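See structure below.
FYI, it's all coordinate maths here, none of it is from the lab. Remember, predicted model here, so these are calculated numbers, not experimental data. Here the Cβ positions follow ideal geometry from the backbone for every residue, glycine too, while neighbour counts run over all protein chains shown.
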Amino acid sequence: MINIIAAVADNNIIGNQNQLPWTLKEDMARFKSLTIGNIVVMGKNTYNSISHPLKDRTNVIISSTMHDIDGAIVVPNFDIAIQKAKEIAQKENKQIFICGGQCVYQSAIHTADTLYITHVHQKPEGDAYFPKIPDDFVKIESTHLIDTGTNTDFCIYKRR
């Protein structure tokens, strides 16, 4: 099963100059609770914005220019990343979470089974966008966060 996890603004912005355009403790806690013990797949820019492999997860980094990152598996393209992640997931009974950035989300959106989207009700400036959610996804859960300072919804979408 391939999951996508992202925080997305109302204007589909997910990043600005390789950084998140917001700080949401609740979203970071959700990200950690869902991905811990599983496989995270990310592009080079997302990895660089974090600057280290995510602890207690199998990290698969997509990059044709980076090599040998201690604590991570580096592969040259999306197809190899998914193949490697699926092998590990099957062998170790783990889930796969695609966690950015823009190009990786675009590659994954048509093969994903589940989307874990934090809808951030803002319209920040940015240079990285989340793709349009395809019509064959249906929202199965939505939780509105209150008292966070930011109008936010945690949603789960499943492919029909």
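Between M42, T118, T150, the Cα set farthest toward the positive side of the dipole of the range 2-159 (charges on each charged residue's Cβ, about the Cα centre) is that of M42. State, to one decimal in nm, how far the label point of I88 lies from the label point of D153, with both points 7 Å from Cα in the Cβ direction. So the two model labels end up 3.3 nm from each other. By the gyration tensor of its Cα atoms, with a ≥ b ≥ c the square roots of the eigenvalues, what is the shape of the range 69-115: rounded for a/c under 1.5, prolate for a/b over b/c, or oblate? Since a/c reaches 1.5 but b/c is at least a/b, the shape of the range 69-115 is classed as oblate.
Mind checking which aspartates and glutamates have their Cα closer than 15 Å to the Cα of K84? Skip sequence neighbours fewer than 8 apart in that chain. Result set, ordered by chain and number: E92.
The stretch between H52 and N16, if pulled fully straight at 0.36 nm per residue, gains 11.0 nm over its current Cα-Cα span. Derived scalar couplings between HN and Hα for the range 66-76 equal 8, 9, 6, 9, 4, x, 9, 9, 10, 10, x Hz in order, rounded to whole Hz, by the Karplus curve 6.51 cos²θ - 1.76 cosθ + 1.60 (θ = phi - 60°), x for Gly and Pro. Here each label is just a point 7 Å from Cα along the line to Cβ, and for I36 and E125 those points are 3.7 nm apart. Under the shape rule built on the C-alpha gyration tensor, where the axes satisfy a ≥ b ≥ c, the chain is prolate, since a/c reaches at least 1.5 and a/b is greater than b/c. For the range 80-160, the set of GluC sites (Glu not before Pro) satisfying both a DSSP loop assignment and a count of at most 14 other C-beta atoms within 10 Å is given as E125.
Over 29 Å between Cα atoms, which of K32/K86; K86/K123; K94/K123; K32/K132; K25/K91 qualify?
On the way: K32/K86 20 Å; K86/K123 35 Å; K94/K123 35 Å; K32/K132 24 Å; K25/K91 32 Å.
In this structure, K86/K123; K94/K123; K25/K91 exceed 29 Å between Cα atoms.
Take every DSSP beta bridge whose two residues both sit in the chain; close to 45 percent of them are antiparallel.
If you take the square roots of the eigenvalues of the alpha-carbon gyration tensor of the range 113-160 and sort them as a ≥ b ≥ c, do you get rounded (a/c under 1.5), prolate (a/b over b/c) or oblate? Let's see the in-between values first.
Numbers: a/c = 3.30, a/b = 1.27, b/c = 2.60.
It is oblate, given that a/c is not under 1.5 and a/b is not larger than b/c.
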